[in-house]
Amino acid sequence: MAFRAHLPRRTAAVAVLLLAVLLLLMVVRLPWSGDLGMHGAVLERLRSDLFHPGNPLVDADTASAYYSPWTVALGLVATVSGWGTFGVLRLAGLAGLVLLGTGIAAFVRTFTRRRAAVPLALLCVLLLYGVRVFAWSGLPGLSSLCLTLAYPSTFALGLAFHLWALLRQGLRERWGVPGFLALGALLAVVLLSHQFTGAVAVLGVAALLLGARPRPDRELWLRVGAGGLPAAALLPCWPYYPVLALLGGGGLDAVHQPLYSDLLPRFCLVAAVGVPALAVRWRRDHRDPLALFFALGAVVFAVGWLSGHYAWGRVLPALLLPAQLAVALEVAGAGSGGPRRLLPAVTAAALLAGAWTQAGVLGYVLRKDAVPPVLREAPTIGLWPGFGWAAARVPKGATVMTNDYYALRSLPAYGPYTVAPAYPDLFLPDERRRRDATRRYFAPVTSRAERLGILKEYGVRWVLQKRGGAGLAPDDPALRRAARGPGRLDLLEVVRP
């Protein structure tokens, strides 16, 4: 009987170990998709000038919200060690993975000391989502995490979990003012490192304060309030970008509108198991912190949808994480009798379905013939083509004219700039003009003289374009073919702008 009691915990621990090995392989492999090029570009600029890096994507002296305490620390590591950008990104991925795993464990232990709770929580956070693959920065599902390990969002979320764990400890032990001041500084680092995860962290802090037991008295509330002073002081003083300017920044809602689509297939598993688990906890305790956390996240998420501020959808982790952790805690504490005895079996089935849905990530680190045949056609998020072949010829700091989707998002990671930024940029005053210049350069009706004028205006020395596409012809006297790349791309050097 003792062996049977320990079997679920041992199974969960083995599963977590296997997933940890897989994620460590992702650190080595560093699969390229999404915003990895942006974060590589940030490191390239910080390596070039740690104190005045300028815009990470275009040759302009502007601020950028991507220069956070975490990326500046990585830039310092790169400068001192001499490691390459992708080596430092791997270090960031490893640090983010460790911080996230230990943070989840620390937070769960503030609720229970049952040994099964931590591995179950890790499995739920990685696997308990839906039956359709979905990845987005700040969401720690397995498919998403494989692609975003090196992102600041992973670091910030791991730090947020540690912040929540320390806050619960501080409230329980009635820390003095210095302890809460330190927590305020920690919150400021999260907010500066990834603003969307910072919003999730703030919602979590609010839920933990509202659900604290025993309820804080006036003296403890004053100490907690003092903890907000470092955040209020540090945020406006961060020298790399004006934090308060982000409050009025637009242009991100269209990018985030997909967060509100296909919610049922993407998150049906966590809804089916997690929401009932939260309901059980709320019925048992109307001030349960996880239930309050979920409720706050749901309100903000819904307001974002109703108001059209789709960027508010980035608080999605504030709905998912409390539900996932509630499942783990309820399963770990489930007894052997009554309806609750069904909960472990239902959760196990949901976790297996989640694992099956995301099994395609094995293809990121294994050759296709090494993947089990039944999983070879599993849906997954495709990886992007590399541009090392072009970066080997283009000097760092040179400006490239291109309208290729992948090149715009990848080339800056190697050191070059592009004329137009790949992402909306609140701090780039001529962003629209740059995009228009790129559009006009590749428009079929644009004259040769106008194209040459655009190249001269932006100091372009290289052009990357589709073979046979619009733009100056490769045999134009102003150009010299430097390389032919995959995807019918030509790299052309501007010899006479």
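The values are calculated or read from the model by the stated rules, or taken from the named source; none is laboratory data. What you see is a predicted model, and the numbers here were worked out from it, not measured in a lab. Methodologically, a virtual Cβ is constructed for each residue, glycine included, from the backbone with ideal geometry; neighbour enumeration extends over all protein chains shown. SASA here: full protein model, heavy atoms, side chains in, ligands and nucleic acids out. Shrake-Rupley method; radii C 1.70, N 1.55, O 1.52, S 1.80 Å.
Can you say whether residue 273 is of a type in the set (A, V, I, L, M) and surrounded by 15 or more Cβ atoms within 10 Å (Cβ to Cβ), as far as the supplied structure shows? Spelling it out, residue 273 is indeed of a type in the set (A, V, I, L, M) and surrounded by 15 or more Cβ atoms within 10 Å (Cβ to Cβ).
Each residue in region 43-59 was checked for being aliphatic (A, V, I, L, M) and closer than 12 Å to residue 240 by Cα, and 2 pass. Residues that are open to solvent by less than 10 Å² (accessible area, probe 1.4 Å) and among the hydrophobic types (A, V, I, L, M, F, W, C) within region 168-191 comprise 180, 188, 190, listed in sequence order.
Among the residues making up region 303-313, those that are in a helix (DSSP H, G or I) and surrounded by 14 or more Cβ atoms within 10 Å (Cβ to Cβ) are 304, 305, 310, 311, 312, 313.
Of the residues making up region 192-250, those that are open to solvent by 50 Å² or more (accessible area, probe 1.4 Å), part of a helix (DSSP H, G or I) and within 30 Å of residue 431 (Cα to Cα) number 9. Are any of the residues in region 24-42 surrounded by 19 or more Cβ atoms within 10 Å (Cβ to Cβ), farther than 24 Å from residue 402 by Cβ and at pLDDT 95 or above? Yes: one or more hits. Cβ-Cβ distances below 8 Å connect the following pairs, each with a first residue in region 390-406 that is touching a residue at least 24 places away in the same chain (Cβ under 8 Å) and surrounded by fewer than 18 Cβ atoms within 10 Å (Cβ to Cβ), a second residue that is in a loop (DSSP other than H, G, I, E, B) and charged (D, E, K, R), and a separation of six or more residues or different chains: 397/59. Can you find a residue in region 58-72 that is buried (at least 18 other Cβ atoms within 10 Å of the Cβ), assigned to a loop (DSSP other than H, G, I, E, B) and touching a strand residue (DSSP E or B) at 6+ places or on another chain (Cβ under 6 Å)? Yes, region 58-72 has at least one match. Residues in region 76-120 that are open to solvent by 60 Å² or more (accessible area, probe 1.4 Å), without any contact (Cβ under 8 Å) to a residue 40 or more places away in the chain and of a type outside the set (A, V, I, L, M, F, W, C): 79, 113.
Only one of the numbered conditions (1) surrounded by fewer than 17 Cβ atoms within 10 Å (Cβ to Cβ); (2) part of a strand (DSSP E or B) is not met by residue 469, and that is (2). For residue 104, the criteria (1) in contact with a Phe, Trp or Tyr (Cβ under 9 Å, 6 or more places away or on another chain); (2) modelled with pLDDT under 95 hold in every case but one, which is (2).
Six or more apart or on different chains, Cβ under 9 Å: which pairs go from a residue in region 351-367 that's more than 15 Å from residue 382 (Cβ to Cβ) and in contact (Cβ under 8 Å) with a residue 40 or more places away in the chain to one that's among the hydroxyl-bearing types (Ser, Thr, Tyr) and surrounded by fewer than 19 Cβ atoms within 10 Å (Cβ to Cβ)? Could you list them? Taking only residues 6 or more apart or on different chains, not a single pair turns up.
Residues in region 415-458 that are open to solvent by 80 Å² or more (accessible area, probe 1.4 Å) and aromatic (Phe, Trp, Tyr): none. Being surrounded by 21 or more Cβ atoms within 10 Å (Cβ to Cβ), at pLDDT 95 or above and more than 30 Å from residue 261 (Cα to Cα) is the requirement here; does residue 127 meet it? The answer is no for residue 127. Do you know which residues across region 376-419 are of a type in the set (A, V, I, L, M) and either touching an Asp or Glu at 6+ places or on another chain (Cβ under 8 Å) or assigned to a strand (DSSP E or B) (or both)? If the condition is that a residue be of a type in the set (A, V, I, L, M) and either touching an Asp or Glu at 6+ places or on another chain (Cβ under 8 Å) or assigned to a strand (DSSP E or B) (or both), then 400, 401, 413 are the ones that fit.
You will find that of 484, 461, the residue that is open to solvent by 40 Å² or more (accessible area, probe 1.4 Å), closer than 23 Å to residue 57 by Cβ and among the charged types (D, E, K, R) is 461 and no other.
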